[in-house]
Amino acid sequence: AMIQEYLKHIPHFLAEIIAKYGLHFALDLNYEITKKYTPERYDQELHGLADGSGIDVKQFRRLNLLPELIKAACSMYGAWGVATERHGLMQLRALDWDSHAPIKKWASMVVYHPDDGTVPFSNIGYPGLIGSITGYSASSIGISEKVWLGQPDSQDSRFGMPWTYVLRDVLQYATDLDSALSILKDAHRTCSIHVGVGSSKTGEFRGVQYSYKHLNIFNWMDQPASEAHPTLTNVVYWDKHVQPSSNPCFGSLLQHFYGHLDVENTRQIAAEAQTGDMQIAIFDFKGNEVYVANARADGESGPDNAYDRSYVRFNMTAIFAEKL
């Protein structure tokens with residue numbers, strides 16, 4: 001049943017391959033057609049994981065290309081200035097995927113300290129997943145993501161750089177909002193997703209419609225609005241539904257807390273909107289702190305979904321200052 005649901009949202013040629021030959025074959029094919037567009041450093045890192053763990057490198061390649069197929073629902077917002085309690089930038093990344101997936105047992109934050117002069121950054125996800133689904137950098141760049149449904153196959157391609165690697169490049173190479181958006185613009189893009197990028201240097205957030213053919217960048221003034229998605233000064237947001245969304249919940253909650261958005265009521269927004277069943281990250285740029293909640297792992301007590309669970313607070317100033 002899950003396969004049938006996901007097949008509706010991927011290119012027809014890949015859906016046929018999965019149905020005929022299986023998921024592993026499709027992921028291996030996806031690796032072959034993206035290889036020429038992907039910097040070799042990513043495959044070198046996967047080989048390092050394989051050498052260190054004794055697991056076949058193909059398994060790591062497949063894991064890292066799974067997001068290319070499923071992408072996930074998800075919600076996001078970025079708010080700053082008059083919209084927030086302390087007039088600093090706040091950002092939400094809520095991952096709606098499958099709170100019963102086995103990988104939930106190994107939620108992690110992996111922190112990279114590159115020795116080549118590029119930016120230290122954190123990958124908030126799962127071991128072995130070296131691309132970025134959620135992350136925050138020492139340049140105080142934060143990323144969010146959600147699927148962009150409703151696009152025809154012609155808007156998508158699999159002949160390019162997987163989106164998780166592009167988002168990791170944003171974390172590792174961008175130093176401000178403009179350079180982050182330039183990386184997205186210049187990438188050999190593949191499938192259709194929404195991306196959110198926040199930066200402490202400008203103190204602002206941008207929403208991006210990202211696909212093989214198009215890159216549309218929105219601020220709060222030009223983001224498409226509707227009755228269920230009202231324009232809010234200094235707030236850019238998308239809920240977990242197909243866009244444009246007619247569900248009023250997320251927009252109403254942002255209106256209710258408008259002017260006082262902070263970590264605590266962002267937690268309330270996610271819980272009441274029931275978004276972020278697998279993972280939630282809240283970025284408090286003014287405090288340089290990241291708050292993360294994950295779905296209940298085996299052996300843990302309490303609610304199943306991340307949006308109903310407690311959060312771990314990470315002091316990113318201290319984390320990026322750590323040295324081995």
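General remarks:
- Test result for Asp169, crowded, with 19+ Cβ neighbours inside 10 Å and touching a Pro at 6+ places or on another chain (Cβ under 6 Å): no
- Given (1) in a strand (DSSP E or B); (2) open to solvent by 10 Å² or more (accessible area, probe 1.4 Å); (3) not aliphatic (A, V, I, L, M), index of the condition Glu145 fails: (2)
- Selection count where residues are assigned to a helix (DSSP H, G or I) and surrounded by 17 or more Cβ atoms within 10 Å (Cβ to Cβ), scope segment 180-215: 4
- Listed by first and then second residue, the pairs with beta-carbon distance under 7 Å, at least 6 apart or on different chains, first residue in segment 94-123 and surrounded by fewer than 17 Cβ atoms within 10 Å (Cβ to Cβ), second acidic (Asp, Glu), are Lys105/Asp298.
- One residue from Tyr21, Tyr31, Tyr42, Tyr77 being closer than 30 Å to Pro303 by Cα and of a type in the set (Ser, Thr, Tyr): Tyr77
- Taking the criterion of being in contact with a helix residue (DSSP H, G or I) (Cβ under 7 Å, 6 or more places away or on another chain), modelled with pLDDT of 95 or more and open to solvent by 30 Å² or more (accessible area, probe 1.4 Å), the residues of segment 289-310 that qualify are Glu289, Tyr291, Asn294, Asp308.
- Residues located in segment 294-324, provided they are hydrophobic (A, V, I, L, M, F, W, C) and not in a loop (DSSP other than H, G, I, E, B): Ala306, Val312, Phe314, Met316, Ala318, Ile319, Phe320, Ala321
- Condition check for Pro67: open to solvent by 10 Å² or more (accessible area, probe 1.4 Å), modelled with pLDDT of 95 or more and within 30 Å of Lys201 (Cα to Cα): no
The values are calculated or read from the model by the stated rules, or taken from the named source; none is laboratory data. Quick caveat, the model's predicted, so the values are computed rather than measured. Using ideal geometry, Cβ is built from the backbone for each residue, glycine included, and neighbour counts are taken over all protein chains shown. Note: areas computed on protein heavy atoms with side chains; ligands, DNA, RNA excluded. Shrake-Rupley method; radii C 1.70, N 1.55, O 1.52, S 1.80 Å.
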